[in-house]
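The values are calculated or read from the model by the stated rules, or taken from the named source; none is laboratory data. Predicted, not measured: the structure shown is a model, and the values here were computed from it. Cβ coordinates were reconstructed from backbone atoms using ideal geometry, including for glycine residues, and neighbour counts include every protein chain displayed.
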Amino acid sequence: SSARAAAKDPALAELVRKEQDLTKQVNAQLGTLNNVLALPAAERDEKGVAQIQASIAALRGQRDKARQEIKQKFPIYADLVSPKPPSVAEIRATLGDDEAMLSFYFGQNGSFVWAVPKSGPVAFAAVQAKIGDIEGKIRKLREALEPQAAMISDIPPFDLKLGHELYELLLKPVESGWKPAKKLIVVTNGALGLLPLSLLPTAPAEVAADEDPLFIGYRNVPWLARTHAVSTVPSAAALRTLRQLPAGKPGRGDLIAFGDPYFNSDQQAEAEGGGQKIQVADASGNITRGGPLKRRNSPKLDGVDSAELGLLPRLPDTADELKSIALALQADPAKVLFLGKSATESAVKTMNLSGFKILAFATHGLVPGELNGLTQPALALSSPVVTGEGGDGLLTMEEILGLKLDADWVVLSACNTGAGAGAGAEAASGLGRAFFYAGTRALLVTNWSVHSQSARQLVTDLFKRQADDPKLSRSEALRQATMALVDGPGYLSSEGKTEFAYAHPLFWAPYTIIGDGGLR
């Protein structure tokens, strides 16, 4: 993004190149200095050390001068590459009348929370917990959200007591700053990024163990999502940057989407009806209380010595999800969906994506090292073995940075961002940053592996609500769709009877908005 901004103005490009070259020279000299200082004192040339130090000081002086010049002549660029923390007044100017910003900092020795409303006093509290304590509580809460459960009846109860304790610890002390608002914008660090605040109960609640239908009692829990819409941003500065973007161009299409890629020829043959039934990463199936819990699987690559794209499991249910979204937006699935063999890297890179409001990828998000030679986060698309095209079938972070978008949403609907010790969160974070630079206002990501039917219902409902009401913000559309899922009929048997409710947070809370949760 920085390079693109620089390329528009030759004078800026020259200055940026100069600043980057000087930074490289400083780093090279620092490396030399470290090597020299690592030698025993007797072998060290003190005069040489002094010369290197003087050279570093001179280079730093020149670099700072170049930075100062960039700042004076090109302030917008300087803000982009090195944003300054905004003041409370600047944050308030960015917020809407019904919004408040919650900012958390978790440290080794102590933690803090701030709540900044549009007007009125800022609420601030020291939190009686260190980063490790918070992480422990969140890992415990997540046990019911990504369980090793084979059957629906094996899903563990969500720890409502612990959830409320976390609310008391983190949100209660600053209620005066955020409670009057309707929408919360959250800035956090550490493990809290793996847990949507929406699922914290705002008061003590209990659910009976032997309910019929299963999970029905969770409808009565006072979730934060009942009263407040929540979105997250990487920093207060990032929200300001996103809100300074110009409005999306009129006349953009509603949707362009890529999903259910084929990672090997067997998957293609099976999909096209000519092959044996092979292992896929999900299927709808008849799910009853004693039936299997069907969820989109993350790639199972642990312990695999040599991982290739062809080892990834297919995600056939993602095609249904994308079709449902297209129909909800009254878009023609045949024109806006690129599925199976058509979900290719070259299709993404050659199409003019700036003409669409919603860009959806329903596929695996990968992190460096997960596949052979993968050095950066990437989205897995159809294999070149299947498509006959060049490339590696991976849309990498670097390639995403080169896209030109004008999107209200990018949906990453099968990237399990809570996967393997936060590895998925790392993928979503890297890919997310790249999509923001490419030009999206918000991302919709999942925090754990989703249950297919409920996910399809939720996401379709979310976009239908936005299509029906142009004044509905992104975060409020998500809040309404999640609560409709909680209160809705749940999973129905063939006779139309509720087998189990979707009120357990495993079903309704996986989705998080990262970025601007406001209006389009």
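What about GLU43, is it farther than 28 Å from ASP406 by Cβ, loosely packed, with under 11 Cβ neighbours inside 10 Å and either modelled with pLDDT under 90 or in the same structural domain as LYS73 (by TED's automatic domain parsing) (or both)? Here the answer is yes, as GLU43 does meet what is asked. Criterion first (outside the structural domain of PRO505 (by TED's automatic domain parsing), touching a His at 6+ places or on another chain (Cβ under 8 Å) and either free of Cβ contacts under 8 Å to residues at least 40 places away in the same chain or not charged (D, E, K, R) (or both)) does ALA203 satisfy it? Spelling it out, ALA203 is indeed outside the structural domain of PRO505 (by TED's automatic domain parsing), touching a His at 6+ places or on another chain (Cβ under 8 Å) and either free of Cβ contacts under 8 Å to residues at least 40 places away in the same chain or not charged (D, E, K, R) (or both). Among the residues of the range 57-80, the ones that are touching a residue at least 60 places away in the same chain (Cβ under 8 Å) and among the basic types (Lys, Arg) come to 1 in all.
Look at VAL36 and say whether it is surrounded by 11 or more Cβ atoms within 10 Å (Cβ to Cβ), assigned to a helix (DSSP H, G or I) and in contact with a Gly (Cβ under 8 Å, 6 or more places away or on another chain). Answer is yes for this residue. Exactly one residue out of ALA229, ALA191, ALA150 is farther than 30 Å from PRO83 by Cα and either in contact with a Pro (Cβ under 6 Å, 6 or more places away or on another chain) or not basic (Lys, Arg) (or both): that is ALA150. When the range 469-492 is filtered for residues that are of a type in the set (A, V, I, L, M) and in a loop (DSSP other than H, G, I, E, B), only LEU472 remains.
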